[in-house]
Amino acid sequence: MNEINRSESCNINQCDLSTGIDQLKSRWMGGVILSLHESDKRFSSLENNFPFMTSGQLNRTLRQAIDNRLIEKKELAYTLTAKGQAAAQLYMAIEQWVMTFDAQP
């Protein structure tokens, strides 16, 4: 496994880890990122993928993802940036971690 170098000045409020988690932790962000990992999508297609999310919640999630450079809007569709692609890998790793360690017998 690759060794990860951490900053010695890292504390819970000013750490790169905290910054990253803040960018990814919103309720709907993982679903939106994973949906866009499958393919670029228009707003209406994302709305259809998340029937329990209001248009306002989707708008806020997309705006947050754009502000954090996870996605960008090209013409009429949303697409992942390189940072968003990397975030999708994190979400998939977390899904695998949960399935491995929290699976019901």
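Could you list all residues from the stretch 28-47 that are free of Cβ contacts under 8 Å to residues at least 12 places away in the same chain and not small (G, A, S)? Explain how you work it out, then say what you get.
We begin by selecting, within the stretch 28-47, every residue free of Cβ contacts under 8 Å to residues at least 12 places away in the same chain; these are 38-39, 44-45, 47.
Correct list: E38, E47.
Which numbered condition in (1) assigned to a loop (DSSP other than H, G, I, E, B); (2) at pLDDT 95 or above; (3) basic (K, R) is the only one that R27 fails?
(2)
Taking only the stretch 50-105 into account, find how many residues are over 15 Å from R27 (Cα atoms) and in a loop (DSSP other than H, G, I, E, B).
10
State which residue is modelled with the highest pLDDT when the search covers only the stretch 1-24 and only residues that are small (G, A, S) and more than 13 Å from the chain's Cα centre (by Cα).
Across the stretch 1-24, the extreme among qualifying residues is S18.
Would you call S44 at pLDDT 80 or above and not in a helix (DSSP H, G or I)?
So S44 fails the test.
In the stretch 46-105, what residues are aliphatic (A, V, I, L, M), more than 12 Å from the chain's Cα centre (by Cα) and surrounded by 15 or more Cβ atoms within 10 Å (Cβ to Cβ)?
L46, M53, L58, A77
Please verify whether T61 is touching a Leu at 6+ places or on another chain (Cβ under 7 Å) and modelled with pLDDT of 95 or more, treating the condition exactly as stated.
Judged against the criteria, T61 is not a match.
The values are calculated or read from the model by the stated rules, or taken from the named source; none is laboratory data. Since we're looking at a predicted model, the values are computed, not measured. So basically every Cβ, Gly included, is an ideal-geometry build from the backbone, and we count neighbours across all protein chains shown.
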